[in-house]
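The values are calculated or read from the model by the stated rules, or taken from the named source; none is laboratory data. Source: prediction; values computed, not measured. Here Cβ is always computed from backbone atoms with ideal geometry, including for glycine, and neighbour counts include all displayed protein chains.
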Amino acid sequence: MWRDPVVPLIEAVDVTKRFAGGLGREGTLALAGLSLAIHAEKPSIIAVVGESGSGKTTLARLLLGLAEPSRGEIRYRGTNLRALDRDGRRAFRHDVQAVFQDPYGVYNPFYRIDHVLTTPLRRFRLAGSRAEARQLIGEALRSVGLQPEEILGRFPHQRVMVARALLLQPKLIVADEPVSMVDASLRATILGSLRELTDEHGISVLYITHDLATAYQVSDAILVLYRAHLVEAGDVGRVVTAPRHPYTQLLVSAIPRAHLAREWLAQEEDSRRNGVTPTAAGCCFAERCPLAMPACVAGPPGLYRIQPRRAVACVQYQDHPTLPRGNPGEVLCD
Amino acid sequence: MSEPILCVEGLRVAFDHPLGKVQAVDDVGFALSPGERFGLAGESGSGKSTLALAILRMIKPPGRIAAGEVWLAGQRLADLDDEGIRAVRLAGIALVPQGSMNSLNPVLRIGRQIADTLADHGLRLGRTEQERRIKALLADVGLPQTVSRMYPHELSGGMKQRACIAIAISLRPKVIIADEPTSALDVVVQRQVMATLARVQQDLGAAVILIGHDMGLMAQFVDRLAVMYAGRLVEVAPIAEIITKPRHPYTRALIAALPSLERRGALAGIPGLAPLLRDLPPGCAFHPRCPQATDRCRIEKPMARDIAGAQVACHVA
């Protein structure tokens, strides 16, 4: 399947991020050679799922230009972020917006709440007049289910942040754990508004989360990371309902379900020791994998395309076509 | 049914606030059997953690216990003096507070922190006996012996939480209250910690009160669940009943808000926001958010009634 050569809106090309260790300590590998392309003409929600330390937030920060890759590059419309000129940088800041985990931390306590909404309008000169600014803000707030008057009282911070992102009509929103600090009741509303951004406003969303269940509910495609490495990627329905990588399988089975069958605790067995000594070169999951074999510690697993819309980094599937390591490519696209 | 180990009757906690009295826990009553796993679910601000503190008489001013009684194994806790209630804490009822894994002392080794707890509760042990106890406790929660010589920063989140459980069970309590013990942990680690809690609880024969908002976790762990809304218990029923036949509209909403792994597009929120406790709506506190609210709900506060083994405070259930 050959895709048209339209330059992706944003692209991670074999990016590695290593945080230096201090005083002779070994550095930490946060992301190991991941490639990812997000096309503007086909809006979708891509979930990046992993536990703490998996590298998901590092990926978000790299794509937002808040951190620089140790190797590889992030490209905006074909240009390395580092090489963007002033106008290019401005366009990038406009097209790619962020929603962060802590909705309380992003407000400057010295300003009124509407400051976060009026500032971007001013910076990007999106409104010709005050009245127009007010109208744009009103529309953005209403589309996330808020009344403009409401935001001075007890307002749901995170929805204001989604409204702010929407106000700029960006092409991509990078949402890093946007619902991990909100209650179940609000969670659905916020995730619902992310879905609307994609379906109605044509904005792609990179949904970074530790929660496989919400990823399943809102996203189209999914990347599963484990300790800086891509382990499985593809269509979210397939990956979540029939995971193939042993780590994804563990992750899915560890979610407690509201079922009568109480198999959850019984399934718990200490999976941290299987007698395998991990090696730096081998599979990142080898020491916890129930299926680990000598090949797993000998070298890194390839990335195998086991279905048109699924790639798994596990030697079990080595009979399938090989993809470049860390690059799911069109497996993520429809 | 055996004698209850813990009995809570008509418990009310009030906070005096310049803008008016806030009733954080309102007429809450339940009884726990020995060894029972009891869940307490609700959104943040529903009064779950306050209820836990009230059981242990740990409410600080401006909050106060306005009414009600707590009985532990036939002993009325209100009758105890300060020294007496201090003895009940940990030895009778152990609380694993929310975020407790971050309250370990960062400059003391884990073994020392366990030893301090024992000493603080009047257990004078010889050095060898103390070592033996610490090792046994660490083994109980599935931690290697070496953890005794380690500092909190050397442990992962799951290991810290297990260390907290080790401290909680150090005096063999009859009731363990675990307030969101796994809220900061990844799912795989969450299951390990909950399995640890289940095992030590069975070994001790202790009852557990699990506080949380994850209905999936409740379904997999507790025997009976109480659903709390705006300081009141709105439904108390065996967990199988709650899962198959939730009676209170709020319980149904909580279950529906849990993202499904079977069906896509089934994510439902609970409309509106949790009410402010100092400004509760009249009648049933849930009526502004309830899809089934009637005129009666807007005027008359529903009292708990028995419906086929469940206690439900709802006019329309």
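At-a-glance table
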{"item": "So A:GLU287, is it surrounded by fewer than 20 Cβ atoms within 10 Å (Cβ to Cβ), acidic (Asp, Glu) and without any contact (Cβ under 8 Å) to a residue 24 or more places away in the chain", "result": "yes"}
{"item": "Boolean, A:LEU225 is more than 12 Å from every other protein chain (Cβ to nearest Cβ) and modelled with pLDDT of 95 or more", "result": "yes"}
{"item": "Qualifying positions in the range B:294-314 - buried (at least 19 other Cβ atoms within 10 Å of the Cβ) and more than 25 Å from the chain's Cα centre (by Cα)", "result": "B:CYS297"}
{"item": "Entirely in the range B:1-104, the strands (runs of 3 or more DSSP E) that have 2 or more residues that are on the phi > 0 side of the Ramachandran plot", "result": "B:20-32"}
{"item": "Single unsatisfied condition, B:VAL189 versus (1) under 26 Å from A:LEU186 (Cβ atoms); (2) crowded, with 22+ Cβ neighbours inside 10 Å", "result": "(2)"}
{"item": "Matching residues in the range B:243-270 - criterion: being within 9 Å of chain A (Cβ to nearest Cβ) and touching a residue at least 12 places away in the same chain (Cβ under 8 Å)", "result": "B:ILE243, B:ALA253, B:LEU254, B:ILE255, B:ALA256, B:ALA257, B:LEU258, B:ALA268, B:GLY269, B:ILE270"}
{"item": "Pick from the range A:238-266, criterion at the interface with chain B (Cβ under 8 Å from one of its Cβ atoms) and of a type outside the set (A, V, I, L, M, F, W, C), ranking: nearest to B:ARG263 (Cα to Cα)", "result": "A:THR241"}
{"item": "Any hit, the range B:271-288, residues being more than 29 Å from B:VAL96 (Cβ to Cβ), among the acidic types (Asp, Glu) and more than 8 Å from every other protein chain (Cβ to nearest Cβ)", "result": "yes"}
{"item": "A:ARG75 over 15 Å from the mean Cα position of the chain (by Cα), over 25 Å from A:THR248 (Cβ atoms) and at pLDDT below 95", "result": "no"}
{"item": "Hits in the range A:267-288 (condition: modelled with pLDDT of 75 or more and within 13 Å of chain B (Cβ to nearest Cβ))", "result": "A:GLN267, A:GLU268, A:PHE285, A:ARG288"}
{"item": "Only listed residue being of a type in the set (A, V, I, L, M), at pLDDT 90 or above and under 30 Å from B:VAL187 (Cα atoms), chosen from B:ILE85, B:ILE110", "result": "B:ILE110"}
{"item": "Criterion: surrounded by 12 or more Cβ atoms within 10 Å (Cβ to Cβ) and modelled with pLDDT of 85 or more - qualifying residue of A:ALA140, A:ALA133, A:ALA127", "result": "A:ALA133"}
{"item": "Filter result (under 16 Å from B:ARG252 (Cα atoms) and assigned to a loop (DSSP other than H, G, I, E, B)) within the range B:292-317", "result": "B:GLN292, B:ALA293, B:ALA313, B:CYS314, B:HIS315, B:VAL316, B:ALA317"}
{"item": "Strands (runs of 3 or more DSSP E) wholly inside the range A:1-95 containing at least 3 residues that are within 30 Å of B:SER183 (Cα to Cα) and touching a Lys or Arg at 6+ places or on another chain (Cβ under 8 Å)", "result": "A:28-38, A:45-49"}
{"item": "Residue match in the range B:202-220 (condition: over 30 Å from B:PHE15 (Cα atoms), within 21 Å of the chain's Cα centre (by Cα), more than 14 Å from every other protein chain (Cβ to nearest Cβ) and surrounded by 15 or more Cβ atoms within 10 Å (Cβ to Cβ))", "result": "yes"}
{"item": "Subset of the range A:163-216 [over 17 Å from A:ALA60 (Cβ atoms), facing another protein chain (nearest Cβ under 10 Å) and part of a loop (DSSP other than H, G, I, E, B)]", "result": "A:VAL182, A:ASP183"}
{"item": "Residue that is farthest from B:HIS287 (Cα to Cα), among those in the range B:211-244 that are in contact with a Pro (Cβ under 6 Å, 6 or more places away or on another chain) and of a type in the set (A, V, I, L, M)", "result": "B:LEU217"}
{"item": "Inter-residue pairs, beta-carbon under 6 Å, first touching a residue at least 24 places away in the same chain (Cβ under 8 Å) and farther than 13 Å from A:LEU251 by Cβ and in the range B:183-197, second among the hydroxyl-bearing types (Ser, Thr, Tyr) and surrounded by 21 or more Cβ atoms within 10 Å (Cβ to Cβ), 6+ apart", "result": "B:VAL193/B:THR182"}
{"item": "Residues that are under 16 Å from A:CYS284 (Cα atoms) and touching a Phe, Trp or Tyr at 6+ places or on another chain (Cβ under 7 Å), drawn from the range A:28-62", "result": "A:THR28, A:ALA30, A:GLY50, A:SER54"}
{"item": "Residue within the range B:116-123 that is over 24 Å from the mean Cα position of the chain (by Cα), in contact (Cβ under 8 Å) with a residue 12 or more places away in the chain and under 21 Å from B:GLU154 (Cα atoms) present", "result": "no"}
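Rundown of residues vs (1) more than 30 Å from B:ILE242 (Cα to Cα); (2) without any contact (Cβ under 8 Å) to a residue 40 or more places away in the chain, yes/no style:
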| position | (1), (2) |
| --- | --- |
| A:LEU251 | no, no |
| A:ARG257 | no, yes |
| A:ALA261 | no, yes |
| A:GLU268 | no, yes |
| A:ILE306 | yes, no |
| A:ASN327 | yes, no |
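A quick yes/no check of all residues on (1) surrounded by fewer than 17 Cβ atoms within 10 Å (Cβ to Cβ); (2) within 14 Å of chain A (Cβ to nearest Cβ); (3) among the basic types (Lys, Arg); (4) touching a residue at least 40 places away in the same chain (Cβ under 8 Å):
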residue	(1), (2), (3), (4)
B:ALA24	no, no, no, yes
B:PHE30	no, no, no, yes
B:GLY35	yes, no, no, yes
B:SER44	yes, yes, no, yes
B:LYS48	no, yes, yes, yes
B:ALA52	no, no, no, yes
B:LEU56	no, no, no, yes
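This table checks each residue for (1) buried (at least 16 other Cβ atoms within 10 Å of the Cβ); (2) touching a residue at least 12 places away in the same chain (Cβ under 8 Å); (3) under 30 Å from A:GLY237 (Cα atoms); (4) in contact with a helix residue (DSSP H, G or I) (Cβ under 9 Å, 6 or more places away or on another chain).
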{"residue": "A:ALA30", "(1), (2), (3), (4)": "yes, yes, yes, yes"}
{"residue": "A:SER44", "(1), (2), (3), (4)": "yes, yes, yes, yes"}
{"residue": "A:GLU51", "(1), (2), (3), (4)": "yes, yes, yes, yes"}
{"residue": "A:THR57", "(1), (2), (3), (4)": "yes, yes, yes, no"}
{"residue": "A:ALA60", "(1), (2), (3), (4)": "yes, yes, yes, no"}
{"residue": "A:PRO69", "(1), (2), (3), (4)": "yes, yes, no, yes"}
{"residue": "A:GLY78", "(1), (2), (3), (4)": "no, yes, no, no"}
{"residue": "A:ASP87", "(1), (2), (3), (4)": "no, no, no, no"}
{"residue": "A:PHE92", "(1), (2), (3), (4)": "yes, yes, no, yes"}
